[in-house]
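The structure appears below as structure tokens.
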Amino acid sequence: MAGIPCKCGRFLAKPHASCAVEGKGYSWHIFVSDVRGDCKRCGLDAQAMRGGWWWAWDAWTWPPELEYA
């Protein structure tokens with residue numbers, strides 16, 4: 001995935017999403033808990049700018065640990 005801005009405004013290299021699960025039974029759902037990548041200004045593992053399409057769970061593929069949850 002490309003074109004994801006850092007919180008400082010520059011674009012992130014190697015962006016990745018961290019997903020989490022909330023709820024139990026039939027009411028569980030997955031959500032993107034964090035989006036991070038490498039920024040030339042902020043350093044390694046910098047957080048992406050909030051509020052964009054990249055914070056939507058459907059913008060990313062399912063992580064392997066949740067694929068069969």
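The values are calculated or read from the model by the stated rules, or taken from the named source; none is laboratory data. Everything numeric here is computed off the predicted structure, so don't read it as measured data. All Cβ positions, glycine included, derive from the backbone under ideal geometry; neighbour counts span all protein chains shown.
Residue by residue through the stretch 17-42, note down the ones that are of a type outside the set (A, V, I, L, M, F, W, C), under 15 Å from Trp55 (Cβ atoms) and touching a residue at least 12 places away in the same chain (Cβ under 8 Å).
Result: Ser18, Ser33, Asp34, Arg36, Gly37.
Val32 versus (1) at pLDDT below 90; (2) surrounded by fewer than 16 Cβ atoms within 10 Å (Cβ to Cβ); (3) not polar (S, T, N, Q): which is the lone unmet condition?
The failed condition is (2).
Would you mention how many residues in the stretch 1-16 are surrounded by 13 or more Cβ atoms within 10 Å (Cβ to Cβ) and either within 10 Å of the chain's Cα centre (by Cα) or touching a residue at least 40 places away in the same chain (Cβ under 8 Å) (or both)?
7
Between Ala17, Ala69, which is modelled with pLDDT under 95, assigned to a loop (DSSP other than H, G, I, E, B) and hydrophobic (A, V, I, L, M, F, W, C)? Please lay out each step first, then the result.
Values: Ala17 fails: assigned to a loop (DSSP other than H, G, I, E, B).
Only one candidate passes the filter, namely Ala69.
Which numbered condition trips up Leu44, out of (1) loosely packed, with under 11 Cβ neighbours inside 10 Å; (2) at pLDDT below 85?
Leu44 satisfies all of (1) loosely packed, with under 11 Cβ neighbours inside 10 Å; (2) at pLDDT below 85 except (2).
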